[in-house]
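The values are calculated or read from the model by the stated rules, or taken from the named source; none is laboratory data. Remember, it's a predicted structure, so these values are computed and weren't measured experimentally. Methodologically, a virtual Cβ is constructed for each residue, glycine included, from the backbone with ideal geometry; neighbour enumeration extends over all protein chains shown.
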Amino acid sequence: MRIAFLILFAVALPIVLNSTDQAFYLSFASRILIYALAATSLNLVLGYGGMVSFGHAAFVGTGAYVASIAYVEGLASAWIGWPLAVAAAALAALVIGALSLRTRGVYFIMITLAFAQMMYYLVNSMKAYGGDEGLTLPARADIGFGLDLGDDVTFYYAALCFLALAIFSLHRLANARFGRALLAIRENEARAEAIGYPVQRYKLVAFVIAGAAAGLAGALLASHGKYVNPNILHWTQSGTLLVMVILGGVGRLWGGVLGAAALLGLEHLMAEHRIGWLAALLPDYQQHASLGVGLVLLAVVLFAPQGIAGLFSRQRHA
Amino acid sequence: MVLVLEQALNGLQFGLMLFLLAAGLTLVFGIMDMINLAHGSLYMLGAFLAATLVQATGSFALGILLAIPATAVLGMALEVALLRTLYARDHLSQVLATFALILILNEAVRIVWGTDAPMPMPAALSGPVELLPGMPYPAYRLLIIAVGAAVALLLWLVVAKTRVGMQVRAGASNREMALALGVNVPRLFTFVFGAGAALCAVAGALLAPLLAVQVGMGENILILAFVVIVIGGIGSIRGALVGSILVGMVDTVGRTFLPHLFGLALPPQFASAAGPAIASVMIYLVMAVILYFKPQGLFPARA
Amino acid sequence: MRRSIWVSLAAACAIAAPAAAAAADKIKVGFISTLSGPAGAIGVEIRDGFNLALKLAGGKIGGLPSEVLVGDDQFKPEVGRQLAEKYVKLDKVDFLTGIVYSNIMLAAAPLAFDAKMFYVSPNAAPSPLAGKQCNPWFFAVAWPNDAYHEAAGQYATTKGLKSVYLIAPNYQAGKDSLEGFKRFYKGKIAAEVYTKLGQLDFAAELAEVRAAKPEALYIFLPGGMGINFIKQFVASGMSKDITLITPGFGSDQDVIRPVGEAMLGLFDTAHWALDLDNPANKKFVAEFEKEYKRLPSVFASQGYDTELLIDAAVRDVKGKIEDKDALRKALMAAKFQSTRGAFKFNRNHYPIQNYYLRVIGKDAQGRLVNKTMSTIFKDRGDAYVQDCPMK
């Protein structure tokens, strides 16, 4: 029932926004959808797989750059650029995953972070594709069928479709044997191994799937903003994605979506709407929006570790 | 030849400063099993406090000396008030909570001080010293090397030769056992955290005249510090020292000699970009290689 | 269960609530700049200059009430771009301006161009936009990125300096800078080194300079980068043997204040100086000092001139800014008294003006200032205008 409400809301949103001349918010909504996709992919690895990856931005960034480079090199079609981005990100996830999953605990966190930083520095040095100035794309990717992704409404629906697909896939995956095995591994790896599950292989597969989805998010992000720069690979971006997942609810189906919406929405609200009493205390408080974000995040970690999804659900943490 | 020597000294200087950060970080991680991303923020606080105190007292030495206990106190307050609750939590919660702390501390510093604080170099040290005939080297950097080496020695003395140091080593090696043997764990933890903060303050204050004292200065050096302790082995001061010198050298050598190498084949803009990029990547590659052969780092403290 | 849906719907409605309709006869300006961090001193100067001019006009632009939205790009292109998107699409400003750094401007300004809005640059003016990619929506008020460097190269040639070592950060303006210098310097280039943008510790690079033993060192390191470099350069003892030349924006008040006496005797090039003798400049310097209790830098003069330009253009079209062609003509005409004297645009919307040699000395009150020594170029445009298809 509530799914129906949600779908109705999501589909109707562009129409509502367009008719009230809120073009900016349509673009903003698309951004939320893309980040929701990226956060959901991280949720698979983190929430369901129990792997604390601090390098997820590497896959988003790989997807973004491959899609952008493809476009600049003449392959303007989304049907070529985006699958290329997904494939590249999946490959990166395969390599990085295979090497990193040999370690565990903090070493895993550090190695994933290290790999992401390596990609960041490598991309930074690619002067041919902008280096640290970034790469500006003349237009969004071409999707064919007479549809123009340059139109914000069309882009929104495209992003919505991808996100819906991702959520649906995650739902099915979680309930399938693969998902159950992942959860078992997350709970107690030694026991899962003892029972006979090929732990490394399952974790790697999850890692690669998540990487591929992240790559798609990256391609969409690059196309949406028509701009990409190496900061998309920086470890602080990985941190932001982690924040989204935690905020939304680790291991919850809608964790990524809720977290992305909450974080981006919170940042925007803080910048836009002036809260009277706060302004009286600190006149330029809006320049310090990240303080609010930090406090909210801290509160969530300390008091509501199940995130927003946890607040709404009576279901105990799976 | 002079060039190589000068670059070696630069690498050493950078490495020793990294060591100050890495030492505190590795102890906190080794003993309290806590990943503290806000460690870089303590470094930033140390620098800002030093800048203010130097201005207030009019004396460079006094300002720095006062900033160290000030930062230590702030660090201990943070530990008691907040970070304690994270010891029992999993690493992910620690990562996220301390990540939140970075955001909060960055903005708090911005509100109190503004985005940066000026810290002039002491006039007496702003010139060069003739180390060898024909090789002047900035006096201030020599001071950094001297202080860094002295602190390293002091740290080793405390950890290896004193009672409290013994407790620290015991805690790093096996926390449960240390607890069972009667070590006052909460007090030890607070002390270790304070010591880590003090070390950060030394590094922050010393580097302040060279680099800019600015909000966010902790993040870049934090990553390197983590790389150092992973290379060196978590909980090991010796590992932190070896790791930081190694990283300092690789970084400096990479930044200067790689562009030369690339410059032989590529135009200057590409060589100059590729050089530092590969140098940065090299540090991570070194870490990956070391972890492959020694997954616990070079000198793991844990049994 | 139900609660969650209502909460999300309510939140969405709150976000989607239509913003207040913009008043038609108010001039809105989106001012994006780097206002924080070591790179932020320049942005603050530009903003202060801009605000001073606005204040002296009674808060009005072209006689109409105005609103200036100020945003901090934090030295990050993607933040600048997001701010630009917000100002252009959400706040629907009439002009976009303010950005200091070329890389951020190249990421953000296209949003104005796509929306058929004018971007008036108080600082960044990269060479591609002067030549092949010249844009009818772009106006550069300060100087073409190369200009100061060309003047410096010319000075080095005139002075007969035998070898020069070059350092600049690795981004568009950095590359432009050394290209500009080399265009007019006919001697030997000891080396051409590109540092990381935002790098603050130059120990390694300085060691290389020492080993190369050049006669002079030319650096383009704006903002905090330059401050640190000059301090470290002096600390290394090389300032006795190697002449340091910088473009004027690497050695103006924002750098002089933190570095201090070590800068005495340093040569630099610029299109403006405190002591330029024209009534607009005298008024500007006096008012700036009165308002902000410090001497203005060249960047402040640029911010001031930018506001005057926008003001003059709006006044010229009598407030009818919807007629973009008329507004463009008005901007081109530039009917205002600039702090640098007469102001004239080239057909690529970049200025044509004089460039001077300056030296750092002390003024009557013993303060460190840049003093004009001689004119290097008179009525110079830029090297790229011939590639520009605009008329």
Exercise. Spot the failing condition for C:Gly37; the list is (1) more than 10 Å from chain A (Cβ to nearest Cβ); (2) over 30 Å from B:Val213 (Cβ atoms); (3) modelled with pLDDT under 90; (4) touching a helix residue (DSSP H, G or I) at 6+ places or on another chain (Cβ under 9 Å), and only one is missed.
Key: (2)
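Which residue is surrounded by the most Cβ atoms within 10 Å (Cβ to Cβ), if the candidates are limited to the range A:219-253 and must be of a type in the set (Val, Ile, Thr) and outside any helix (DSSP H, G or I)?
From the range A:219-253, those of a type in the set (Val, Ile, Thr) are A:228, A:232, A:236, A:240, A:243, A:245-246, A:250; that's our starting set.
Filter again for outside any helix (DSSP H, G or I), leaving A:228, A:250.
Numbers: A:Val228: 29, A:Val250: 26.
Only one residue tops the list, namely A:Val228.
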Exercise. Could you please find all residues in the range B:191-207 being more than 13 Å from B:Asn36 (Cβ to Cβ), buried (at least 24 other Cβ atoms within 10 Å of the Cβ) and of a type outside the set (A, V, I, L, M)?
Key: B:Gly204
Quiz item: Residues of the range C:187-246 being facing chain B (nearest Cβ under 8 Å), more than 26 Å from A:Asn124 (Cβ to Cβ) and β-branched (Val, Ile, Thr), which ones?
Solution: C:Val234
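Looking at A:Leu216, A:Leu264, A:Leu281, can you tell me which residue is modelled with pLDDT of 90 or more and surrounded by fewer than 22 Cβ atoms within 10 Å (Cβ to Cβ)? Outline the logic, then answer.
Values: A:Leu216 fails: surrounded by fewer than 22 Cβ atoms within 10 Å (Cβ to Cβ); A:Leu281 fails: modelled with pLDDT of 90 or more.
Answer to the check: A:Leu264.
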Quiz prompt | Cβ-Cβ under 8 Å pairs, at least 6 apart or on other chains, the range B:280-301 side over 15 Å from B:Gly233 (Cβ atoms) and more than 8 Å from chain A (Cβ to nearest Cβ), far side modelled with pLDDT of 80 or more and part of a helix (DSSP H, G or I) | solution = B:Met282/B:Val250; B:Ile283/B:Leu224; B:Ile283/B:Val227; B:Ile283/B:Val247; B:Ile283/B:Val250; B:Ile283/B:Asp251
Quiz item: Among (1) surrounded by 24 or more Cβ atoms within 10 Å (Cβ to Cβ); (2) at pLDDT 90 or above; (3) in contact with a strand residue (DSSP E or B) (Cβ under 6 Å, 6 or more places away or on another chain), which single condition is C:Ala190 missing?
Solution: (1)
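Among B:Leu18, B:Leu3, B:Leu27, which is within 14 Å of B:Met217 (Cα to Cα) and in contact with a helix residue (DSSP H, G or I) (Cβ under 6 Å, 6 or more places away or on another chain)? I'd like the intermediate steps shown before the answer.
Numbers: B:Leu3 fails: within 14 Å of B:Met217 (Cα to Cα); B:Leu27 fails: within 14 Å of B:Met217 (Cα to Cα).
Just a single option satisfies the conditions, and that option is B:Leu18.
Within the range A:190-218, work out how many residues are in a helix (DSSP H, G or I) and either of a type in the set (Phe, Trp, Tyr) or free of Cβ contacts under 8 Å to residues at least 60 places away in the same chain (or both).
Narrowing the range A:190-218 to residues in a helix (DSSP H, G or I): A:190-195, A:199-218.
If we keep only those that are either of a type in the set (Phe, Trp, Tyr) or free of Cβ contacts under 8 Å to residues at least 60 places away in the same chain (or both) as well, we get A:190-195, A:199, A:201-202, A:205, A:207.
Number satisfying all stated conditions: 11.
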Quiz item: Of all residues in the range B:95-127, which are at the interface with another protein chain (Cβ under 9 Å from one of its Cβ atoms) and over 17 Å from A:Thr236 (Cβ atoms)?
Solution: B:Ala108, B:Ile111, B:Gly114, B:Thr115, B:Asp116, B:Pro118, B:Pro120, B:Met121, B:Leu125, B:Ser126, B:Gly127
Quiz item: Hey, C:Leu83 hits all of (1) more than 14 Å from chain A (Cβ to nearest Cβ); (2) touching a strand residue (DSSP E or B) at 6+ places or on another chain (Cβ under 6 Å) but one; which does it fall short on?
Solution: (1)
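Given the residues B:Gly204, B:Gly239, B:Gly233, which is the only one that is away from chain A (no Cβ under 14 Å), of a type outside the set (A, V, I, L, M, F, W, C) and closer than 21 Å to B:Ala152 by Cα?
Numbers: B:Gly239 fails: away from chain A (no Cβ under 14 Å); B:Gly233 fails: away from chain A (no Cβ under 14 Å).
The match here is B:Gly204.
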Practice problem: Could you check how many residues of the range C:210-227 are under 16 Å from C:Pro169 (Cβ atoms) and touching a residue at least 40 places away in the same chain (Cβ under 8 Å)? | Solution: 10
Quiz item: Out of (1) part of a helix (DSSP H, G or I); (2) at pLDDT below 85, the odd one out for B:Val202 is which?
Solution: (2)
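This table checks each residue for (1) in contact (Cβ under 8 Å) with a residue 24 or more places away in the chain; (2) more than 30 Å from C:Thr339 (Cα to Cα).
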position: C:Leu197; (1), (2): yes, yes
position: C:Gln232; (1), (2): yes, yes
position: C:Lys240; (1), (2): no, yes
position: C:Ile245; (1), (2): yes, no
position: C:Pro258; (1), (2): yes, no
position: C:Ala262; (1), (2): yes, no
position: C:Phe267; (1), (2): yes, no
position: C:Trp272; (1), (2): yes, no
position: C:Glu289; (1), (2): no, no
Quiz item: Can you name the residue in the range B:148-166 that is among the aliphatic types (A, V, I, L, M) and touching a residue at least 60 places away in the same chain (Cβ under 8 Å) and, of all such residues, is nearest to the other protein chains (Cβ to nearest Cβ)?
Solution: B:Ala149
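Quick grid of which residues meet (1) among the charged types (D, E, K, R); (2) buried (at least 21 other Cβ atoms within 10 Å of the Cβ); (3) within 10 Å of chain C (Cβ to nearest Cβ); (4) in contact with a helix residue (DSSP H, G or I) (Cβ under 8 Å, 6 or more places away or on another chain):
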position: A:Leu6; (1), (2), (3), (4): no, no, yes, yes
position: A:Pro14; (1), (2), (3), (4): no, yes, no, yes
position: A:Ala29; (1), (2), (3), (4): no, yes, yes, yes
position: A:Leu37; (1), (2), (3), (4): no, yes, no, yes
position: A:Leu44; (1), (2), (3), (4): no, yes, no, yes
position: A:Tyr48; (1), (2), (3), (4): no, yes, no, yes
position: A:Gly55; (1), (2), (3), (4): no, yes, no, yes
position: A:Ala58; (1), (2), (3), (4): no, yes, no, yes
Quiz item: Can you tell which of B:Gly24, B:Gly63 is touching a His at 6+ places or on another chain (Cβ under 7 Å), touching a residue at least 40 places away in the same chain (Cβ under 8 Å) and away from every other protein chain (no Cβ under 14 Å)?
Solution: B:Gly24
Quiz item: Hey, B:Asn36 hits all of (1) buried (at least 21 other Cβ atoms within 10 Å of the Cβ); (2) at the interface with another protein chain (Cβ under 10 Å from one of its Cβ atoms) but one; which does it fall short on?
Solution: (2)
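Return yes when C:Arg183 is surrounded by fewer than 19 Cβ atoms within 10 Å (Cβ to Cβ), touching a helix residue (DSSP H, G or I) at 6+ places or on another chain (Cβ under 7 Å), assigned to a helix (DSSP H, G or I) and touching a residue at least 12 places away in the same chain (Cβ under 8 Å) and no when it is not. Please lay out each step first, then the result.
Details: surrounded by fewer than 19 Cβ atoms within 10 Å (Cβ to Cβ): yes; touching a helix residue (DSSP H, G or I) at 6+ places or on another chain (Cβ under 7 Å): yes; assigned to a helix (DSSP H, G or I): yes; touching a residue at least 12 places away in the same chain (Cβ under 8 Å): yes.
Considered against the rule, which asks whether it is surrounded by fewer than 19 Cβ atoms within 10 Å (Cβ to Cβ), touching a helix residue (DSSP H, G or I) at 6+ places or on another chain (Cβ under 7 Å), assigned to a helix (DSSP H, G or I) and touching a residue at least 12 places away in the same chain (Cβ under 8 Å), C:Arg183 comes out as yes.
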Quiz item: Of all the residues that make up the range B:85-126, how many are of a type in the set (Phe, Trp, Tyr) and closer than 22 Å to C:Gly224 by Cβ?
Solution: 1
Quiz item: Mind checking which residues of the range A:284-313 are at pLDDT 70 or above and in a loop (DSSP other than H, G, I, E, B)?
Solution: A:Ala304, A:Pro305, A:Gln306
Quiz item: For the range C:313-361, which residues satisfy the criterion of being over 22 Å from the mean Cα position of the chain (by Cα) and surrounded by fewer than 18 Cβ atoms within 10 Å (Cβ to Cβ)?
Solution: C:Lys318, C:Gly319, C:Lys320, C:Glu322, C:Asp323, C:Lys324, C:Asp325, C:Ala326, C:Lys329, C:Gly361
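Given the range A:77-182, what helices (runs of 4 or more DSSP H) lie entirely inside it while holding 2 or more residues that are within 21 Å of A:Leu26 (Cα to Cα)? Break it down stepwise before answering.
On the way: elements: A:78-100, A:106-124, A:152-175.
Where helices (runs of 4 or more DSSP H) fall fully within the range A:77-182 and carry at least 2 residues being within 21 Å of A:Leu26 (Cα to Cα), they are A:152-175.
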Quiz item: Taking the condition more than 27 Å from C:Phe336 (Cα to Cα), outside any helix (DSSP H, G or I) and either within 10 Å of chain A (Cβ to nearest Cβ) or of a type outside the set (Phe, Trp, Tyr) (or both), does C:Gln74 pass?
Solution: yes
Quiz item: For A:Arg140, are the conditions met, namely being surrounded by 15 or more Cβ atoms within 10 Å (Cβ to Cβ) and of a type in the set (Lys, Arg)?
Solution: yes
